[in-house]
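Student: Once you've had a glance at the structure underneath, I'll fire off some questions.
Each reported figure results from applying straightforward, stated rules to the coordinates on display, with no laboratory input. As the structure is a prediction and not an experimental result, all values here were calculated from the model. Counting neighbours? That spans all protein chains shown, and the Cβs are built from the backbone with ideal geometry, glycine included.
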Ligand SMILES: NC(=O)c1ccc[n+]([C@@H]2O[C@H](COP(=O)([O-])OP(=O)(O)OC[C@H]3O[C@@H](n4cnc5c(N)ncnc54)[C@H](OP(=O)(O)O)[C@@H]3O)[C@@H](O)[C@H]2O)c1
């Protein structure tokens, strides 16, 4: 079975994922929806002649579209993903799935009511490096894992509106938080305590956030996101018998080093076009008739969104609220 993909959005990540899709035999880009017909046509022509649409609803009527990938800014995910689900079309939604918890809960409810596949594009989960990291932890190489430190941040250009404008998801946490908070959730599950401090930009979005998370089983995490500084983009996973430094880049997890028993062991897992592993996973889910991913399920997505909601409320960040703001 070949999955015909319809993309919504023609920006940076749409291009990255379209390039990765070209390497995956079970999938093909067949259609793309943009706010302008010209951009849709140009993007489609660049990626194998996919049909261009200037309207998501029209693209959903295209019988060649078996699945939709939503690659717009976060507050614009909800409307496109909801339309796909109501049309009965499986959907992969960029991270974070929405800009607010309420919108995420609505999408999850629609997906479950419709019985249609829906997954947040937390691509890091499907990388070989992530699986290798989980295997090393499960082997007991650093004993019982008790804590995590993770930082992610950079200084975007002033002109990169997506990072600064609340109407298109500005702020550090929603854009970068899916990686440190995602890793914390992968290690420990849903936290029961979240405490944050942050600073805001003039437009009221979060410039920097420092978070402390706690779990009922005793683990803790200290995480941060920033669009005010070039952060280390690293993580430290600490256990009773040693620690692991996740280096290089937290999202693409190219390398980690295990420090235990007085020795260091470096694990290299750099891959090109890493989003292809996520696409292969979605194809497998669809072939098996699943409505949720066993690895990045909808409960997990809601649990991560609950952390974001709590943090953004605590720091008083301005947000575009999809359900109220349209
Ligand atoms: N998984 C990853 O590795 C990764 C990496 C980066 C970003 N992301 C996520 O992907 C999403 C998009 O990020 P990006 O970096 O690709 O952003 P981007 O380069 O700004 O592209 C977003 C695209 O969305 C479309 N769009 C629809 N409504 C829009 C609006 N009101 N304002 C601006 N654009 C609008 C635009 O395409 P048209 O003009 O054709 O409509 C635009 O090109 C975000 O949610 C982000 O968190 C994921």
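Student: Scan the stretch 58-78 for residues that are in contact with a helix residue (DSSP H, G or I) (Cβ under 9 Å, 6 or more places away or on another chain) and part of a helix (DSSP H, G or I) and report the count.
Tutor: Here is the first cut: in the stretch 58-78, the ones in contact with a helix residue (DSSP H, G or I) (Cβ under 9 Å, 6 or more places away or on another chain) are 59-60, 65-78.
After this cut, where a residue has to be part of a helix (DSSP H, G or I) as well, the list is 59-60, 74-78.
Selection size over the stretch 58-78: 7.
Student: While we're here: Looking only at residues that are closer than 20 Å to residue 80 by Cα and either in a helix (DSSP H, G or I) or out of contact with any strand residue (DSSP E or B) (no Cβ under 7 Å at 6 or more places or on another chain) (or both) in the stretch 13-30, which one is nearest to the ligand (Cβ to nearest atom)?
Tutor: Ranking the qualifying residues of the stretch 13-30, first place goes to 13.
Student: Same structure, new question: I'd like the residue in the stretch 31-46 that is in contact (Cβ under 8 Å) with a residue 24 or more places away in the chain and under 23 Å from the mean Cα position of the chain (by Cα) and, out of all such residues, is farthest from the ligand (Cβ to nearest atom).
Tutor: 31
Student: Only residues that are closer than 15 Å to residue 67 by Cα and surrounded by fewer than 20 Cβ atoms within 10 Å (Cβ to Cβ): list them for the stretch 108-124, please.
Tutor: Taking the stretch 108-124 and keeping what is closer than 15 Å to residue 67 by Cα, we get 111, 114-121.
Residues satisfying the conditions are 114, 115, 116.
Student: Then there is this: Residue check, residue 225 against (1) buried (at least 17 other Cβ atoms within 10 Å of the Cβ); (2) assigned to a loop (DSSP other than H, G, I, E, B), all met but one. Which one?
Tutor: Among (1) buried (at least 17 other Cβ atoms within 10 Å of the Cβ); (2) assigned to a loop (DSSP other than H, G, I, E, B), residue 225 violates only (2).
Student: Taking only the stretch 47-57 into account, find how many residues are near the ligand (Cβ under 10 Å from one of its atoms), under 30 Å from residue 319 (Cα atoms) and not in a loop (DSSP other than H, G, I, E, B). It would help to see each step written out before you state the result.
Tutor: The first filter runs over the stretch 47-57 and keeps only residues near the ligand (Cβ under 10 Å from one of its atoms), leaving 52, 54, 56.
Imposing the further condition that a residue be under 30 Å from residue 319 (Cα atoms) reduces the set to 54, 56.
Among the residues that remain, those that are also not in a loop (DSSP other than H, G, I, E, B) are: 56.
Qualifying residue count, the stretch 47-57: 1.
Student: Please determine, by comparing only the residues of the stretch 79-104 that are part of a helix (DSSP H, G or I) and over 16 Å from the mean Cα position of the chain (by Cα), which one is surrounded by the fewest Cβ atoms within 10 Å (Cβ to Cβ). Working first, answer last.
Tutor: Step one: of the stretch 79-104, the residues part of a helix (DSSP H, G or I) are 79-86, 101-104.
Remaining after also requiring over 16 Å from the mean Cα position of the chain (by Cα): 79-80, 82-86, 102.
On the way: 79: 17, 80: 23, 82: 22, 83: 19, 84: 31, 85: 25, 86: 13, 102: 16.
Applying the filter and picking the extreme gives 86.
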